[in-house]
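Only one structure is covered here, and it is reproduced in the block below.
Values in this text are rule-based calculations from the coordinates and carry no lab data. Everything quoted here is computed from the prediction, not taken from an experiment. Cβ placement follows ideal geometry from the backbone for every residue including glycine, while neighbour counts extend to all protein chains displayed.
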Amino acid sequence: MTKVIISSDSRYKVNRKKIREAVVGFLKRQKISGNIEIGVSIVGSRKMRDLNLKFRGWEKPCAVLAFPLESGVRGGFVNPPEKILRLGDVVISFPEVVKLAAEENVLVEEKIEELVSHGLKHLLGGGV
């Protein structure tokens with residue numbers, strides 16, 4: 001079972017069902033199954049800029065960041081007592097998504113799904 005923990009400020013209207021489907025679909029395509037836990041956070045430009053500065057040294061917002069919870073096989077760690085593969089967190093900047101979606105002439109929802117997949121690739125050690 002895959003548990004997707006989604007956090008988002010109420011001013012950012014996101015389709016939580018589509019985000020869950022994007023995560024589950026991505027993992028299925030990668031043939032990853034079992035008890036899995038992933039966090040997805042939708043944040044604003046200021047929060048994303050702060051995270052980017054703190055963890056990458058860049059003082060500007062970006063569209064997506066990925067934070068593996070613990071290092072281990074393929075970016076995650078199985079906690080033996082609970083038998084849960086905790087991959088980590090994907091953080092997405094909603095204002096950046098809106099900007100990119102407009103530039104690429106795609107729906108915001110589609111761009112979020114694309115960035116969720118991009119972040120998951122990084123969590124699994126397959127960064128682009």
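A few remarks follow.
- Any hit, segment 20-31, residues being without any contact (Cβ under 8 Å) to a residue 12 or more places away in the chain and within 11 Å of Leu120 (Cβ to Cβ): yes
- Matching residues, segment 40-68, being small (Gly, Ala, Ser) and crowded, with 18+ Cβ neighbours inside 10 Å: Ser41, Ala63, Ala66
- Considering residues of segment 18-61 that are within 14 Å of the chain's Cα centre (by Cα) and charged (D, E, K, R) only, the residue farthest from Arg86 (Cα to Cα): Lys18
- Considering segment 92-126, the residues that are free of Cβ contacts under 8 Å to residues at least 60 places away in the same chain and outside any helix (DSSP H, G or I) include one that is farthest from Gly39 (Cα to Cα), namely Asn105.
- Residue count, segment 1-42 (criterion: assigned to a strand (DSSP E or B) and acidic (Asp, Glu)): 1
- So Ile36, is it in contact with a Gly (Cβ under 9 Å, 6 or more places away or on another chain) and either loosely packed, with under 12 Cβ neighbours inside 10 Å or more than 12 Å from Ser117 (Cβ to Cβ) (or both): yes
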